Structures are given as C-alpha cells and as structure tokens.
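Student: Here's a structure for you.
The values are calculated or read from the model by the stated rules, or taken from the named source; none is laboratory data. Just so we're clear, the structure is a prediction, and the values are computed from it rather than from any experiment. Please note: Cβ atoms are built from the backbone with ideal geometry, for glycine as well, and neighbour counts cover all protein chains shown.
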Amino acid sequence: MTTQYLLKNAEIVWNEETPISAQYRDIYWQKNAAIKEKYHVFIKPFKELSEKMPIKSQITVCELGLGFGVNLMLAAEVWRHIPSSKKLNFISIEKHPVAKPLMEKALRSESFKYKEEFLSKYPEPYRGQHVLWIGDNIRVLLVFEDVSQGLANLDAQVDFWFLDGFSPKKNELMWKAGVFKRIRNMSRPGAKIATYSAAQQVKETLEKNGFVTTKKKGFGEKKEMITGSLGNEWLPANHGEGNFAIIGSGLAGLFCAEALTKRQIRPIVINEGITGPSYIPQLSVYPHLAKRAEPKYRMSLLASNYMRDAVGFNPCSFIWKPKTKKEIDRLRVICSYFPDELMFELEKNSFCFTNAGWFNTQTLKSYLSLEEISEKITDIHYGSIWQGYSNRKKVFSSENLILATGSSLSLLPAELEIRKIKGQAISIKTEGLNHIINDEVTIFPTNKGTSVVSGTYTNKSSLEISSRDTERLLKNAFRLLGKETPAENEWTGLRAIAKDRVPIVGQAPEWRSLENTQRVRDVKIFKSGLYYCLAFASRGATNARLYSENLISKILGEPSALGLTEQNILSPSRFFIRNQTRK
C-alpha cells in the first residue's frame, strides 16, 4: 500500500537465501555472500577512516539504499570497539523499506550486537525521517523517501557515502545527475565515497562533482568497483559540547534534558513551580492527521512513533468517536490511507488507531534524575554566557539556554505571539479499561484502579478548579462508560499555544536582522546560545520528544532529526516574517 502517509514495502522474491527485488529485478547481494560483500565494498574503508578519528569527534555516514540493514549492522559492529566519546551518525535513505518480518528473516542467523535493538525500533514505512538510537554512541536516521526528495530535505554534512542502490541500468533515478549534485553539496571536505558499481557513467558523474575516483578490485564475480574522495585531507567534526540550562521542567524541558543526557551532557533544569499539564498522570500520545498529508501532519505521525520507546510510555489503542458528519467523513478518508493493522473503522462511526498510547511524565523525570533548581526566573541576560536571575539573585550561568516554558511569558519576546490556555482534568475509578476513548472528552485506560478524564480548555490564566468543568467531565464519562462515579483527583494547568497552533522550536533569531527577510529558510543571524522549545499546547506528549531531539541534534552539529521543511514549519521567526510580508 502506497499512500500520502506510507511508502510501499519492498517486494521480495527469494532464491534460496538470496533476496531479489521484484521492483528492480536485481539482487540485494551476491549469493551466500551478504556479509563478505558489504564488508569488502563499504565497511573495510569505513573502518580505516574511523580509526583516524580523535576523541570527542563524530562521523556521519549516508547510505543510499538501506535494504536489509546489513551495512548498518556491520558499521555498528565496528563501533563496538570504538571509544564511547566517538559518535556514529548513520543515515540511510530507502524508497521501498523491507517489511519487518522479512528483515528479521534475513538477519536472524547473524549475531550482530545491535540487531535486536534495531529490529525492536524498526518503524512502519511512514514517509519521512525516523530516529533510532541503537547504542549509546550510535544514532540512526532512517529516511523513508524517494532519494531525491530525501536528500533535498536532509539537514546533514556527510563524511562517507555508501552508494548501495541497485544497478544504474535497473534503478536510473538513484543514479541521476541531480542526486550526485546533492551528494557533493552535502559532503564535508575530504568526504569518501564507495560503491559496488563500476559503471562509467557513475565514475564520470562523480568526477564532474569534484570527486577524485579510483577503480579498485571488486568483490567475487565483480571485477571492479568505484571509490572516491572529495579532496585529500579529511578531518572529522567535533561532537558538540558545552553546558546547558533549561527553563521549564514540563514535557518540553524534560525531553530536551533526555536528549542531552543521551549524549552524556547533564543540563541544569529550572523548575519554576508553575502547574502545567505535565503534572497530569496520563497524557495522550497519538498523531494529528488530516485528509491531505501535509508535512506538519506527517511530522506528527513520526513524532507519535518516536514516543514508543520513551521511558513512561504505555502503548494502547486510541478510539475516535467523532460527532459530526464532516468529522466522520474526514476520519473515514484518513482510515483508507492505512492498513487495518494500523487504523480501521471499529464499528459504525468509530475509528481505531493502534499505534497510540499514554505517557506519564513523572516516570521519565524519576528515570532522568536531573539536577533541578526550584526558582522563578524573572530576568535573563547575555554577556559571554547566559545568566538567569530571580529578583536580582543569580540562579544559573550557562553557555546554552533553552526556554521550554510558555508560562513565563515575560521571558519571551512578543514576536513569538504566544498565549496561555487553561486545561482541567480529573480522575475517576475504572476497571479493565484498556484503550483511550476520544469523544467530547478523553478517557484513559485503567491505571492502578483509576483513569484520567480530560478535555476542557478555556482562555484563562487562573489555575482555580472549576466545578462546572468537573461536572462536564463527569457527565461525559458517565455517558461513555455507563457508570456514575465521583472525581478522585482534579488538576488544572496552563498550556502555551502559538498563533497557528504549531510548536515553536529552534534558535532565537536576531529580530532586527529580519526586517528584509521574506522566507524562514533565509534567516541566518541568531542570538548566540539561545533556543526555544515551547507552545506544544495539548499535543506535547505526542510531539515534544521528537522536536526536542531535533533541537539538540541541531545545536550539537549532528544530522537533524527533522528535515529542512519541518524545521521551517517550527521556526520561531515564522510569525514575524508572515506579518512583514503581508504589510
């Protein structure tokens, strides 16, 4: 099935233990020689390059054609013997992802150290970029997309290219001139290239794009193969370091802290003591989908998927019960985009999304065991570093500052156009409820004998419990469950929301420099060390982890978790530029 949200899986024909692509009528590797072939062509030169890396550096590999993940597994094997201070970023672009059962079949007899971690996180064929951490210092970016589109949207600088697509005669789009131009533009000085192919057109196109090529001995029946280098001297990039302070201990702040902790960086987190939705013990995780799969909706689907291995995530189905004919028709169309194992019409006018769940913030917070300071920050100033004050008392100093709070609007510029909304939730006693019900309110699965009921939003900044809201939540819970029960607990919280209801994630711009800027992608001047990660509104549990991962990867000079288009959608500059162009 190929849809706006999904790519079509690879069609595989097996010749004994050798897989053959039915789409391209070509083999994935020579008969009974997968490991030896991939090692000879790609891994041996990659290993030689990796051995030249100093400590606290990183290397980025980009592979065109993931196939069965053999190159990834072999590269990860090399990293078993590499000091932990050296980081591997492995990108793989694949238009026809191999289905997970077939991937497991091909890898089952191999004893790769990271095989189970990779297979457990291997995603559905959702279009876009998938982040997989398979080792403490091994970060994988699977780009499920056509190669031209995938490269055009990729935000990365590459040290080594594995050109592992099918034969140029059988897969012409993989080897067209535009692809090589993008390869050239994304290569770091001294970048290397290797391919099984020995085609003259490949050699000539590489040379037209600045690579010095050599034909070397091929593997097995293949007499020759092509290698190349973009200049002679290669130096790996340093892995980003520095100290960080995060203002805000809700979802966005915690997920920024989690992303930093994965990279052995321990931030200071400022808890301002303002109640937010993160304190509610059950928060829904499900994608925001539409009939037209615009990038922001595909991005939400990827974000929902990235939550599945988060500490504190609990998988369950999500059942939509739309009320209007328009909403029913909309969900029925969306349902048609997905196979039944992912989304289906459960009964008339009721729809089930299987890859959903709920999240408990405190579970993650306890796991991270962060250095937390409880203070209300009233001012921030920048000299050579960022400093935060609480009524003239200095609270922190840090090279990098992430504002992950929407409650302290005094710390945020008016250009972000953020407002606050109040939400209220309660808990009630339940038994055996094992899925989320989304109706006029949202009811969560039974957890320790109770379920959270949420779904009230008002344009207020007061945190006072509303008896009217509690009554509404109880009334709807009774209607859906058929059982009247009192509220066990009640919560209120303030959510930050942007003008277009899309989060704000990225580096703070120098606002004065934007006066003649017409497009977000043209913003080039930023405030040193200042970043925003906020305005997640009611979808923080779905989106905050992936968007925080993107922010941290961008700050530290890694391949970005999100593509360029998606980064522009989240840009802090977007409202200022839109307002300016409409004048």
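Student: Sort through Glu464, Glu484 and tell me the only one that's outside the structural domain of Ala252 (by TED's automatic domain parsing) and either within 30 Å of Asn550 (Cα to Cα) or without any contact (Cβ under 8 Å) to a residue 24 or more places away in the chain (or both).
Tutor: Of the residues listed, the single one that is outside the structural domain of Ala252 (by TED's automatic domain parsing) and either within 30 Å of Asn550 (Cα to Cα) or without any contact (Cβ under 8 Å) to a residue 24 or more places away in the chain (or both) is Glu484.
Student: Something else now. If you scan region 189-209, which residues turn out to be closer than 16 Å to Asn232 by Cβ, free of Cβ contacts under 8 Å to residues at least 60 places away in the same chain and surrounded by 14 or more Cβ atoms within 10 Å (Cβ to Cβ)?
Tutor: Result: Gly190, Ala191, Ile193, Leu206.
Student: Do you know which residues across region 479-499 are in a strand (DSSP E or B) and either crowded, with 18+ Cβ neighbours inside 10 Å or among the polar types (S, T, N, Q) (or both)?
Tutor: Correct list: Asn489, Trp491, Thr492, Gly493, Leu494, Arg495, Ala496, Ile497, Ala498.
Student: Could you check region 306-363 and list, in sequence order, the residues that are more than 23 Å from the chain's Cα centre (by Cα) and either polar (S, T, N, Q) or part of a loop (DSSP other than H, G, I, E, B) (or both)?
Tutor: Residues satisfying the conditions are Lys321, Pro322, Lys323, Thr324, Ser336, Asp340, Lys348, Asn349, Ser350.
Student: State the number of residues belonging to region 275-305 that are within 28 Å of Asp329 (Cα to Cα) and either part of a helix (DSSP H, G or I) or not charged (D, E, K, R) (or both).
Tutor: The total comes to 20.
Student: Restricting attention to region 437-444, does a residue exist that is of a type in the set (S, T, N, Q) and more than 23 Å from Asn314 (Cα to Cα)?
Tutor: Scanning region 437-444 turns up no residue that is of a type in the set (S, T, N, Q) and more than 23 Å from Asn314 (Cα to Cα).
Student: With (1) surrounded by fewer than 18 Cβ atoms within 10 Å (Cβ to Cβ); (2) touching a residue at least 12 places away in the same chain (Cβ under 8 Å) as the list, and Ser111 as the residue in question, which single condition is left unmet?
Tutor: (2)
Student: For Val78, work out the one condition from (1) free of Cβ contacts under 8 Å to residues at least 40 places away in the same chain; (2) farther than 23 Å from His130 by Cα; (3) within 29 Å of the chain's Cα centre (by Cα) it doesn't fulfil.
Tutor: Every listed condition holds for Val78 apart from (2).
Student: Now for a separate question. Taking region 58-94 as the region of interest, how many residues are closer than 18 Å to Asn238 by Cβ and among the small types (Gly, Ala, Ser)?
Tutor: 2
Student: Give Ser384, Ser369, Ser398 a once-over and let me know the one that is over 24 Å from Glu124 (Cα atoms) and surrounded by 15 or more Cβ atoms within 10 Å (Cβ to Cβ).
Tutor: Ser398 is the lone residue from the list that is over 24 Å from Glu124 (Cα atoms) and surrounded by 15 or more Cβ atoms within 10 Å (Cβ to Cβ).
Student: Which one is farthest from Glu558 (Cα to Cα) among residues in region 12-69 that are touching a helix residue (DSSP H, G or I) at 6+ places or on another chain (Cβ under 7 Å) and of a type in the set (Lys, Arg)?
Tutor: Lys38
To keep it simple, each residue is scored yes or no on (1) crowded, with 16+ Cβ neighbours inside 10 Å; (2) under 30 Å from Phe338 (Cβ atoms); (3) within 24 Å of the chain's Cα centre (by Cα); (4) not β-branched (Val, Ile, Thr).
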residue: Asn15; (1), (2), (3), (4): no, no, no, yes
residue: Glu37; (1), (2), (3), (4): yes, no, no, yes
residue: Phe46; (1), (2), (3), (4): yes, no, no, yes
residue: Met73; (1), (2), (3), (4): yes, yes, yes, yes
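Student: Taking region 78-102 on its own, how many of its residues are surrounded by fewer than 19 Cβ atoms within 10 Å (Cβ to Cβ) and touching a Phe, Trp or Tyr at 6+ places or on another chain (Cβ under 6 Å)?
Tutor: Within region 78-102, residues that are surrounded by fewer than 19 Cβ atoms within 10 Å (Cβ to Cβ) and touching a Phe, Trp or Tyr at 6+ places or on another chain (Cβ under 6 Å) number 1.
Student: Would you be able to say whether some residue in region 55-65 is over 22 Å from Trp161 (Cβ atoms) and surrounded by fewer than 22 Cβ atoms within 10 Å (Cβ to Cβ)?
Tutor: The answer is yes, given that some residue of region 55-65 is over 22 Å from Trp161 (Cβ atoms) and surrounded by fewer than 22 Cβ atoms within 10 Å (Cβ to Cβ).
Student: Within the bounds of region 542-559, is there any residue that is surrounded by fewer than 24 Cβ atoms within 10 Å (Cβ to Cβ) and closer than 13 Å to Pro503 by Cβ?
Tutor: No, because not a single residue in region 542-559 is surrounded by fewer than 24 Cβ atoms within 10 Å (Cβ to Cβ) and closer than 13 Å to Pro503 by Cβ.
Student: Here's a follow-up. Inspect region 246-256 for any residue being more than 30 Å from Ser462 (Cα to Cα) and either assigned by TED's automatic domain parsing to the domain that holds Lys448 or modelled with pLDDT of 95 or more (or both) and give the result as yes or no.
Tutor: no
Student: A follow-up question, please. So Trp161 ticks every box in (1) surrounded by fewer than 22 Cβ atoms within 10 Å (Cβ to Cβ); (2) touching a Leu at 6+ places or on another chain (Cβ under 8 Å) but one. Which box is left unticked?
Tutor: With (1) surrounded by fewer than 22 Cβ atoms within 10 Å (Cβ to Cβ); (2) touching a Leu at 6+ places or on another chain (Cβ under 8 Å) applied to Trp161, the lone miss is (1).
Student: I'd like to check which helices (runs of 4 or more DSSP H) are fully inside region 161-267 and have at least 2 residues that are under 30 Å from the mean Cα position of the chain (by Cα).
Tutor: Correct list: 177-185, 251-262.
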